[in-house]
């Protein structure tokens, strides 16, 4: 895992206006608490677009890498598929990364609402997106569902070749499901903290 980081290029379109407005207010305002609040908001806006340098812990082509920072909620095997659910909080890095090196076969965002991610209606009504990969003949899918504090779900993924840990989307807060064939042995457990583009979720036993 690298020690350096940068900001998403298109993030500056949001960061600079917020910083500029904050600077103008700070020049003319003598309200200490209000000024501190603005500084905090400006810092968080920058954090939303922060892109830490990440190198996968295991560079093997058999390794499945976590796509996001967060906490693993569940690991469930259903028929021939295993689903790992990761909860991403407001304070985790917002970048969603490719969990494998392969071919992006499908990527889509469905616009919707921003209800609390645990509400039953959120499963259908909330903004969500999906990215599917061909991973050496196996299908890997990451599905993302926005939570109450998300502002959108921009996808950067495009059909074609993708390298593990590449930026694929931006999710402020919500749930991410990683769906893989049952041949992938999941090593991470519920409650584990994982880092996108670095932590190993499992390995393919095929």
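Counting only residues that are surrounded by 17 or more Cβ atoms within 10 Å (Cβ to Cβ) and out of contact with any strand residue (DSSP E or B) (no Cβ under 6 Å at 6 or more places or on another chain), how many does the stretch 156-165 have? The total comes to 0. So which pairs qualify, if the first residue must be in the stretch 182-206 and over 21 Å from residue 4 (Cα atoms), the second must be loosely packed, with under 13 Cβ neighbours inside 10 Å and modelled with pLDDT of 95 or more, the Cβ gap must be under 9 Å, and the two must be at least 6 apart or on different chains? Taking only residues 6 or more apart or on different chains, the pairs are 190/74. Considering the conditions (1) in the same structural domain as residue 134 (by TED's automatic domain parsing); (2) under 21 Å from residue 141 (Cα atoms), residue 57 is excluded by exactly one of them, (1). Does the stretch 2-18 contain any residue that is part of a helix (DSSP H, G or I), free of Cβ contacts under 8 Å to residues at least 24 places away in the same chain and over 21 Å from residue 155 (Cα atoms)? Yes, the stretch 2-18 contains a residue that is part of a helix (DSSP H, G or I), free of Cβ contacts under 8 Å to residues at least 24 places away in the same chain and over 21 Å from residue 155 (Cα atoms). Looking across the stretch 139-155, the residues that are surrounded by fewer than 21 Cβ atoms within 10 Å (Cβ to Cβ) and more than 18 Å from residue 83 (Cα to Cα) come down to 148, 149, 151, 152, 154, 155. Taking the numbered list (1) at pLDDT below 95; (2) within 12 Å of the chain's Cα centre (by Cα); (3) loosely packed, with under 14 Cβ neighbours inside 10 Å in turn, residue 59 passes all entries but (2). If you go through the stretch 158-170 and keep only what is over 16 Å from residue 66 (Cα atoms) and not in a strand (DSSP E or B), you end up with 158, 159.
Within the stretch 97-106, is even one residue more than 16 Å from the chain's Cα centre (by Cα) and free of Cβ contacts under 8 Å to residues at least 24 places away in the same chain? No, every residue in the stretch 97-106 fails to be more than 16 Å from the chain's Cα centre (by Cα) and free of Cβ contacts under 8 Å to residues at least 24 places away in the same chain.
Go through the stretch 19-61 and report how many residues are part of a helix (DSSP H, G or I) and under 30 Å from residue 202 (Cβ atoms). Qualifying residue count, the stretch 19-61: 2. One residue stands out in the stretch 62-78 among those that are assigned to a loop (DSSP other than H, G, I, E, B) and at pLDDT 95 or above: the one that is farthest from the chain's Cα centre (by Cα), namely 66.
The values are calculated or read from the model by the stated rules, or taken from the named source; none is laboratory data. Only a predicted model underlies this, so the values are computations on that prediction, with no experimental measurement involved. All Cβ positions, even for glycine, are placed from backbone atoms using ideal geometry, and neighbour counts span all protein chains on display.
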